[in-house]
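Structure record follows, encoded as structure tokens.
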Amino acid sequence: MAYEFGEKHDLVVIGGGPGGYEAALTGAQLGANVTLIERSGVGGSAVLSDVVPSKALIAVAEAMTNAAAARSLGVEVFVGDSDTPVEPTYKVDLKAVNSRLLDLARKQSADMTAALEKQGVRIVNGTGRLLNHHAVAADLADGEVTEFHTDTTVISVGAHPRKLASAMPDGERILTWTQLYQLEELPEHLIVVGSGVTGAEFASAFRHLGSEVTLISSRDRVLPGQDEDAARVIEEVFLREGMHVLSKSRAESVVRDGDQVIATLSDGTTVVGSHCLMAVGSIPNTAGLGLEGANVQTTASGHVKVNRVARTSVPEIYAAGDCTDFFPLASVANMQGRTAVYHALGDAAQPIKLRNVASNVFTSPEIATVGWSQAQIEEGLAQGVIYKYPLEENPRAKMQNITDGFVKLFARTQSGTVIGGVVVAPKASELIFPLALAVEQRLTVDQVANAFAVYPSLSGAITDAARALHLLKG
Ligand SMILES: Cc1cc2nc3c(=O)[nH]c(=O)nc-3n(C[C@H](O)[C@H](O)[C@H](O)COP(=O)(O)OP(=O)(O)OC[C@H]3O[C@@H](n4cnc5c(N)ncnc54)[C@H](O)[C@@H]3O)c2cc1C
């Protein structure tokens, strides 16, 4: 069956994660006839299996840590009328926690579906594929195929966890991150293969929830893509908290043996745990999408090549999110989806500046970054001076007994324009925004220093660092 839409601009969006959702909503707001084809649930992996459940799980881990940390500030716990304080132990009911997380995800997906429907977006439950640059097909669950005319198509199909043949997830003890929420009991000993952002976040969370954790990293340090000082802080904290960190260790295989999993490393040693999380990257969901037939160019890894307004090599086809060769972040997917539709429909589209994207690693403490990195400045790719302010010197941090972390600021030599920064702190994700604003608006360190930070506050570390750079910038 083919739909006819008359005079209006027909916008077809394939995939309803943050990229596709935003594209569909923006299209409807701008008056297009919008059809969204989604095969599993609006909100996408971001809502159903990645961002929402993982950050909600991390919130539980934080609650456990805070409860335990209260002891170090002098909080005592008593039972009943007893005058003798007890040493409490905290346990997590993972079945109840997981049920809450999945419920939260389902509700958010339902809210997003309702928001799209309210704007008049037609939601089709099916698998979309390109027929050509003016036609898209949706394969429906009942075997029917529906075709849609399209003036503009936005592909936002996301990605799925990479699986290794030598460590195949079984969904019970060898798991991808999407399968973690089926666990009914806390893993006794979780082996995490991969020390990138996903591996490090889950290793940190499960350690705080009470699991023994072994983190296997093929590189010489955890979080290889992050600021070196920041990664060092996190690795030190991991070790102090009793995590086993195996660096320069490649897991050649992971197999199940009854109630155990055995990871064999490249040097032949083995690590035995109760569960294993494989966090070894993602593969874009671009196979079978009809990209080649429609002449949409992809990279060798299967990611769709896009420019800064999310346009592909075919003018009528745009792409957003993890299926593109941009940053795999929900915030970026969202921005690409909106920018694509603004551009296609003739609204003012701002090309996306990847350099200005703020990102965060939700370990404990968190690492938030924006702008140029120290490594790039040291390589001479950007001219800048660097200042690092240890958090333990900040009055609020002292009051809160925060000893790990820092604020690092990068400023352009002489002009003093803020070109980047790193925050390692509890809730660094909340502290990075003033730096993101400074980078985006090209504020100087003096302008940042002249803004009032609350006293006492962790954000005072940002104005202190900016003040120090007033003298250093040359
Ligand atoms: C564990 C984890 C934690 C993360 N945490 C964060 C975070 O804290 N902050 C952050 O910014 N990012 C985070 N990310 C990254 C974030 O999840 C992704 O960047 C985001 O999901 C990308 O959005 P998207 O729209 O491209 O794709 P997705 O969210 O993957 O959505 C794609 C949708 O397309 C659908 N689809 C696929 N193929 C088809 C087809 N042919 N037809 C119809 N539908 C199709 C899928 O069903 C899916 O619903 C995290 C990732 C992981 C793995």
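The values are calculated or read from the model by the stated rules, or taken from the named source; none is laboratory data. No experiment lies behind these values; they were computed from the predicted model shown. Backbone-built Cβ (ideal geometry, glycine too); neighbour counts: all protein chains shown. Each accessible area value is taken on the protein alone, full model and side chains, heavy atoms only, with ligands, DNA and RNA left out. Shrake-Rupley method; radii C 1.70, N 1.55, O 1.52, S 1.80 Å.
See the values below:
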{"read-out": "Extension gain, A375 back to N132 (0.36 nm per residue minus Cα-Cα distance, nm)", "value": "83.1 nm"}
{"read-out": "Accessible-area composition of the stretch 165-280, carbon plus sulfur, in percent [1.4 Å probe]", "value": "42 percent"}
{"read-out": "With all protein chains modelled, accessible area of L239 [1.4 Å, Å²]", "value": "90 Å²"}
{"read-out": "Solution diffusion estimate, µm²/s, Stokes-Einstein, the chain, Kirkwood Rh from C-alpha pairs, 25 °C, viscosity 0.890 mPa s", "value": "101 µm²/s"}
{"read-out": "The stretch 292-337, accessible surface, carbon-and-sulfur percent (1.4 angstrom probe)", "value": "51 percent"}
{"read-out": "Over 32 Å (Cα to Cα) - which of K353/K408; K55/K353; K163/K408; K91/K408; K305/K427; K107/K163 fall in this group", "value": "K163/K408; K91/K408; K305/K427"}
{"read-out": "Solvent-accessible surface (1.4 angstrom probe) belonging to I123, in square angstrom, nearest 10", "value": "40 Å²"}
{"read-out": "Simple spin-label estimate for Q414 and A69 in nanometres, 7 Å along Cα-Cβ", "value": "4.3 nm"}
{"read-out": "Magnitude of the charge dipole, the chain, Cβ model with Lys/Arg +1 and Asp/Glu -1, debye to 20", "value": "1140 debye"}
{"read-out": "Contour minus Cα-Cα distance for D257 and E292 (0.36 nm per residue)", "value": "8.3 nm"}
{"read-out": "Distance (nanometres) between label positions extended 7 Å along Cα→Cβ at E147 and Q383", "value": "5.9 nm"}
{"read-out": "Percentage, to the nearest whole number, of Cα pairs in the stretch 2-110 over 19 Å apart", "value": "63 percent"}
{"read-out": "Residue-span extension gain [E188 to L164] - 0.36 nm each, minus C-alpha spacing", "value": "6.3 nm"}
{"read-out": "Karplus-derived 3J(HN,Hα), 6.51/-1.76/1.60, for each residue of the stretch 149-162, Hz, glycine and proline x", "value": "6, 9, 8, 10, 10, 10, 9, 8, 8, x, 8, 10, x, 6"}
{"read-out": "Helix-only mean residue ellipticity at 222 nm for the chain, each DSSP H run of n ≥ 4 adding -39500 (n - 2.57), per residue, nearest 500", "value": "-9000 deg cm²/dmol"}
{"read-out": "Rounded accessible area per residue of the chain, 1.4 Å, Å²", "value": "46 Å²"}
{"read-out": "GluC sites (Glu not before Pro) lying in DSSP loop within the stretch 365-474, provided at most 15 other Cβ fall within 10 Å", "value": "E379"}
{"read-out": "Simple spin-label estimate for T270 and E236 in nanometres, 7 Å along Cα-Cβ", "value": "3.7 nm"}
{"read-out": "Using a Förster distance of 30 Å, the FRET efficiency for E393-V77 (Cβ separation, nearest 0.05)", "value": "0.40"}
{"read-out": "Cα-Cα separations in the stretch 165-280 greater than 23 Å, expressed as whole percent", "value": "21 percent"}
